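Structure, as structure tokens:
Nothing in this text is a laboratory measurement; each read-out follows from the coordinates by a stated rule. It should be emphasised that the depicted structure is a prediction, and the values quoted were computed from it without experimental measurement. In this analysis, Cβ positions are derived from the backbone assuming ideal geometry, glycine residues included, and neighbour counts consider all displayed protein chains.
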Amino acid sequence: MRSVPPRPGPPPALVVAVAAVAGGWAAVRLWPVPDPLPRGAAARAAAALAAPGARARVVRTVDGDTAELAFSDARGAARVTVRYLGVDTPESVDPDEPVQCFGPEASHRNRAWATGRRVRLVFDRERVDPYGRLLAALVVEGQRRSLSERLVAGGYARVLTIAPNGATAPALRRLQERAREDRRGLWSVCGDALPSGA
């Protein structure tokens, strides 16, 4: 007998506000969030790639601060999307957002530095974001600095810290300050005009 997967229920919703109501709690749901199923795949990837000596290969870059990785564990080969820790590059691929100043350059640089390379992942406290992506710094084999550090130092990215993560923030801020002072990359063209994003 063939098993039938359970029928999905209503889409999950993001709880945005919580208020005390008559001695209890009430939650206000405003919009749907991504399906939580990808978190299982990302948790699997985080467990496999946090092991000592674990490596993955960058299959492709999505934009300036996101990449898709291939890895293997005891369950076989798999792929996972990784959002780089501690940085934000200008938008270049979101169909709902305009291309931002220096976005194409950041995407191109990330592609050149990462695609096809073997990488080691460095995690902070939170390993998976609400979209089911891993949150990690990627260190290309043979390099001392992570891609996050290299992007900030070259002026392709700005520092973005989202709690509870932030272990790399002080070092990234120092690199950003040097890039800004030297007017490297986006700092020579965009200045402080870029909106902050996630």
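Some observations on this one:
- Considering residues of the stretch 83-104 that are of a type in the set (D, E, K, R) and under 23 Å from T161 (Cβ atoms) only, the residue surrounded by the most Cβ atoms within 10 Å (Cβ to Cβ): D88
- Matching entry among G132, G103, G142 (being small (G, A, S) and more than 26 Å from L49 (Cα to Cα)): G103
- Among (1) surrounded by fewer than 19 Cβ atoms within 10 Å (Cβ to Cβ); (2) touching a helix residue (DSSP H, G or I) at 6+ places or on another chain (Cβ under 7 Å), the one test that S72 misses: (2)
- The residues of the stretch 100-122 that are in contact with a Pro (Cβ under 8 Å, 6 or more places away or on another chain) and either within 15 Å of S148 (Cβ to Cβ) or not polar (S, T, N, Q) (or both), listed by number, are C101, F102, G103, A106.
- Each residue in the stretch 111-127 was checked for being in contact with a helix residue (DSSP H, G or I) (Cβ under 7 Å, 6 or more places away or on another chain) and assigned to a helix (DSSP H, G or I), and 2 pass.
- Subset tally (residues that are of a type in the set (G, A, S), closer than 16 Å to V80 by Cβ and part of a loop (DSSP other than H, G, I, E, B)) for the stretch 128-168: 1
- Selection from the stretch 89-115 of residues that are closer than 23 Å to A171 by Cβ and in contact with an Asp or Glu (Cβ under 6 Å, 6 or more places away or on another chain): T89
- Selection within the stretch 78-90 - under 21 Å from V159 (Cβ atoms) and more than 13 Å from the chain's Cα centre (by Cα): P90
- Only one of G132, G142, G154 that is in contact (Cβ under 8 Å) with a residue 40 or more places away in the chain and either at positive phi or crowded, with 22+ Cβ neighbours inside 10 Å (or both): G132
- From the options R109, R60, residue that is under 18 Å from G132 (Cα atoms) and basic (K, R): R60
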